[in-house]
Amino acid sequence: MPFAIEGARVTLQGHCAVEEAPDLFQALIAIERPVFDLDQVVYIHTAVAQVLIASRGQLERRPADPTLAACLATLEAAR
Amino acid sequence: MNALLAQFIPEARDLIDRAASGILQLETSPGDGAIINDVFRAVHTLKGSSGLFEVGPLTRLVHAAEDLLEEARAGGMELSSDIVDNLLGNLDVVGRWIDALERREALPDDAEDESSQRSVALRGWLAKSKPAGQPVAASSAAAARRTVEWLAELPETERLAAFKVAARRPLAAWRFEPEEDCFFRGDDPLAMVRHAPGVLVLRVVPNRTLGALDTVDPLQCWLTFQGVSDAAPAALAEHFRYVAERVEIVEIAAADLAIPVGARADGPVFRDFARLARRQLETGQVEALSNSISALAGITAPASLQASALRWCAAHLESSGLERAAEIEALIAAIETGIAHRLPLFTAPISFPPALVATDVQHESTLGERLAREQIEAWLTPGAAEIESGRFEAVARTVRGLFRSLGRDASELEPALAELRQKRDAEPLRRLMEFAGGSEPSPRAAAKPAQAGEGAGLPRVLRVDQGKIDTIMNLVAELIVAKNGLNFLADRAEREHGSRVMSREIKDAHSVIDRITQGLQLGVMSVRMMPLNQVLQRFPRLVRDVARALGKKVDLIIEGEDTEADKNVLESLADPLIHIVRNSLDHGLETPSERLELGKPEHGTVRIAARNESDFVVIEVSDDGRGVNIARVREKAVKLGIVTAERAEQMSEVEAANLIFLPGFSTKDQVSDLSGRGVGMDVVRTTVVKAGGDVTLRNSPGRGASVIIRLPLTMAVTRIVTVDCRGQLYGIPMDLIAETVRLDSKAIQRVSNAEAFVLRNAIVPIVRLAERLGLDNGEASAAEEAVIVVSVGGERVGVVVDGFRERMETVVKPLTGILEGASGFSGAALLGDGRVLLILDLPEIL
């Protein structure tokens with residue numbers, strides 16, 4: 001599975017395809033203030049990125065890819 | 001060639017033809033909604049289909065044309081003659097590109113440049129039609145201008161960084177708002193943005209207010225992407241071509257990024273700075289100005305508007321000194337007042353306006369449906385297990401792309417694809433494809449699942465390579481020849497073997513095969529029959545263009561465009577017709593002022609009328625112009641040495657008028673651009689005669705002229721009469737023969753050294769075939785002569801032969817090898833008993 005959850009810490013890695021978005025979405029609804037580790041991520045689908053943004057979680061480790069980084073800057077703005 | 005491309009090419013040509021003829025109609029009846037819609041749909045479909053191939057310049061040019069038509073359709077602009085010219089010109093270019101695509105599966109090398117020039121011109125018309133009120137910059141007159149509001153929302157640090165990287169280069173600002181349901185089509189907007197060329201700045205914003213997480217639909221797209229790229233707008237347009245209607249691309253200058261943002265700070269220090277800075281700016285003290293700026297920046301709150309303006313001042317100075325004095329001056333004003341007067345952001349939109357999603361367009365998806373059906377079939381064909389998933393992905397990708405390019409609702413596509421993959425059940429997907437005609441499923445389609453691959457409800461048209469039909473035609477022709485052999489066999493059975501019964505039975509068998517062969521021949525010929533419309537549809541355009549070039553006013557009337565003829569006949573007809581029509585326009589019709597003086601209506605009329613006459617197709621091109629000046633034709637013919645002066649005097653009006661078909665004849669002294677380069681009507685006649693036809697001229701001086709072309713309906717099978725001449729058989733095409741007569745040799749009169757006879761009160765000259773062919777003329781004339789009266793070039797001539805033999809249908813093959821160019825013969829045919837029959841080229845012999 002490309003995402004792992006330990007308490008409030010959500011770690012994504014590798015490629016996160018559109019199919020992950022509903023699962024991640026369900027998982028995040030149960031977590032009050034998620035903290036994201038995304039430095040292992042190679043690429044995430046737009047739908048997954050949207051779930052992360054909508055969760056208003058805290059981005060602790062940023063993705064290396066500049067496009068993803070720019071996209072998730074919205075996450076910080078949304079908080 | 002790629003099978004998809006092979007299907008696209010003829011479809012594209014049809015669409016281009018349809019659009020062109022619609023556009024022409026629009027010129028005469030502007031504002032006709034049905035026609036505009038038709039043209040729009042053709043262009044829209046062409047754009048959609050072209051998106052499946054690597055033909056970016058073509059897609060973009062067609063897109064620009066579509067925008068213009070969209071505006072016309074919405075009533076925003078009228079299609080003037082100039083615009084019509086422009087649109088037609090663009091369709092010609094697209095037609096040329098399609099030709100290139102067919103030849104080498106790629107667009108010409110200059111397509112990119114041509115596409116952008118032409119698109120700019122098209123968008124120029126569009127811009128002119130837009131209401132005034134948008135700021136217009138003097139530097140680029142035609143292009144519409146608008147500001148890019150959201151540029152100021154980009155983080156200043158990123159704008160500054162981009163400015164420094166590309167201070168002197170043009171940039172492109174773009175905004176991409178994906179459709180809500182794009183995930184269902186397999187789109188990943190972020191991936192698309194990630195690979196966009198030259199991205200310097202990227203901002204991703206939700207396009208709605210976000211509520212709590214559980215109120216959000218995870219499979220709806222609600223992000224909007226804004227970016228600045230260091231890339232040509234054309235490259236971006238190419239990158240985003242599949243989502244063109246959701247993307248706006250605007251060319252900007254780096255200086256357009258210099259927008260100060262922040263809260264206003266107050267204080268007298270800013271006014272003092274402004275006074276000082278302006279003086280420094282005027283006197284060109286770069287270093288002093290730079291020092292003043294950094295001094296003030298040191299004491300200004302960094303988040304204030306003034307601090308931001310100071311940073312941009314510094315960036316300008318650093319990148320280009322005082323070159324951008326106007327921009328610096330505006331920034332100084334912002335520092336002084338604390339209000340950022342937005343510099344007018346003058347930029348030409350290169351983009352696809354977002355309003356382009358044409359909802360009421362019926363998506364024409366004949367090509368699309370065929371493609372989808374083929375993809376489904378491909379997947380259902382069993383293949384190796386290890387490449388199964390790869391194969392499925394390829395199929396799914398194409399189908400998704402198809403849905404996207406057709407602008408179809410894709411929400412049911414993924415489940416249908418899943419069914420296809422897991423259960424190998426193609427029904428759900430086929431049902432989805434069936435809805436192609438409109439967005440709603442028709443009850444019939446929903447109730448009755450489509451039969452596998454049958455394309456229920458569509459006219460069942462088969463596109464077949466012409467070569468295959470020609471092969472069948474050749475086989476039928478050979479069958480006809482072989483069938484003729486049975487007659488010879490029957491004769492032999494009776495003569496050599498003395499079996500009359502056998503002979504009769506063979507003849508019976510012959511008549512059965514004959515009937516079937518005739519049916520077969522008719523069937524194949526009807527496949528090759530095309531309506532004349534194929535040739536005639538280019539004329540409205542041609543007449544319009546030529547008439548405009550000549551400053552004449554012309555109405556074109558086309559009659560009988562449904563008349564059918566063999567494809568080869570049509571092809572041989574096209575060039576002569578163009579020449580004749582051009583001649584009518586150029587030489588025949590008078591200018592509007594001349595016509596008015598003559599008491600004729602200002603508009604000249606050119607009429608092209610086609611009809612069937614037994615086994616011929618007859619096309620008559622007539623005009624109501626000045627007609628052929630017979631006196632000048634005679635004069636000219638004498639001057640050119642074509643006929644002697646006395647012969648010219650003796651000629652009847654009709655004969656003289658037909659002189660214009662002789663080689664090297666042209667009456668107009670001034671050679672025009674359009675017709676009359678000395679290769680005139682003689683070329684027309686040669687072409688038509690080669691195709692087995694004939695041309696004549698009917699002239700009424702002062703009132704007009706008509707040129708009448710007669711062509712055989714089909715060229716594949718020729719009916720001939722065989723004649724005997726000194727023991728040798730020759731064939732004469734039946735079309736040329738008016739009648740056959742047996743003549744008492746005393747009835748032949750000698751007129752000096754020529755012979756003639758009287759046939760129904762007309763003198764018909766006589767030639768002896770043996771003499772003309774250079775055969776031994778030893779035999780004295782018999783008491784009775786066999787004479788074939790032929791009609792060549794409108795004149796009747798009697799040809800004396802030794803005897804008539806049977807008539808037959810046969811395939812005439814051109815002479816090849818060492819016989820090629822043998823004068824006097826137009827070809828050869830195989831006789832039923834295996835002998836070779838030479839076909840006489842009578843027009844040449846006589």
Residues that are out of contact with any Ser or Thr (no Cβ under 8 Å at 6 or more places or on another chain), surrounded by 15 or more Cβ atoms within 10 Å (Cβ to Cβ) and at pLDDT below 85: does the range B:498-520 have at least one? no
Residue that is surrounded by the most Cβ atoms within 10 Å (Cβ to Cβ), among those in the range B:209-239 that are within 12 Å of chain A (Cβ to nearest Cβ) and part of a helix (DSSP H, G or I): B:L213
Residue list for the range B:180-196, filter: surrounded by fewer than 21 Cβ atoms within 10 Å (Cβ to Cβ), closer than 19 Å to A:A69 by Cα and more than 7 Å from chain A (Cβ to nearest Cβ): B:A191, B:M192, B:H195
Can you pull out every residue in the range B:197-208 that is more than 9 Å from every other protein chain (Cβ to nearest Cβ) and either touching a Leu at 6+ places or on another chain (Cβ under 8 Å) or small (G, A, S) (or both)? B:P197, B:G198, B:L200, B:N207
In the range A:4-17, which residues are under 16 Å from B:P218 (Cα atoms) and buried (at least 19 other Cβ atoms within 10 Å of the Cβ)? A:C16
When you scan the range B:821-840, how many residues do you find that are within 23 Å of B:V792 (Cβ to Cβ) and either in a strand (DSSP E or B) or within 38 Å of the chain's Cα centre (by Cα) (or both)? 10
Any chance you could count how many residues in the range A:11-23 are within 13 Å of chain B (Cβ to nearest Cβ) and at pLDDT 90 or above? 0
Would you pick out the residues in the range A:26-44 that are within 14 Å of chain B (Cβ to nearest Cβ), surrounded by 13 or more Cβ atoms within 10 Å (Cβ to Cβ) and more than 10 Å from the chain's Cα centre (by Cα)? A:A27, A:I29, A:I31, A:V42, A:Y43
Quick test for you: out of B:T714, B:T722, pick the one residue that is at pLDDT below 80 and either in contact with a strand residue (DSSP E or B) (Cβ under 8 Å, 6 or more places away or on another chain) or within 30 Å of B:A786 (Cβ to Cβ) (or both). B:T714
For the range B:661-700, name all the residues that are outside any helix (DSSP H, G or I), surrounded by fewer than 16 Cβ atoms within 10 Å (Cβ to Cβ) and at pLDDT 60 or above. B:P663, B:G664, B:S700
Qualifying residue in the range B:262-276 (condition: surrounded by fewer than 18 Cβ atoms within 10 Å (Cβ to Cβ), more than 14 Å from chain A (Cβ to nearest Cβ), in a loop (DSSP other than H, G, I, E, B) and hydrophobic (A, V, I, L, M, F, W, C)): yes
Report yes if some residue within the range A:56-64 is at pLDDT 85 or above and at the interface with chain B (Cβ under 10 Å from one of its Cβ atoms); otherwise report no. yes
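The values are calculated or read from the model by the stated rules, or taken from the named source; none is laboratory data. Given the structure is predicted, the values throughout are model-derived calculations rather than measurements. Because the Cβ atoms are built from the backbone with ideal geometry, glycine has one as well, and the counts that use them run over all protein chains shown.
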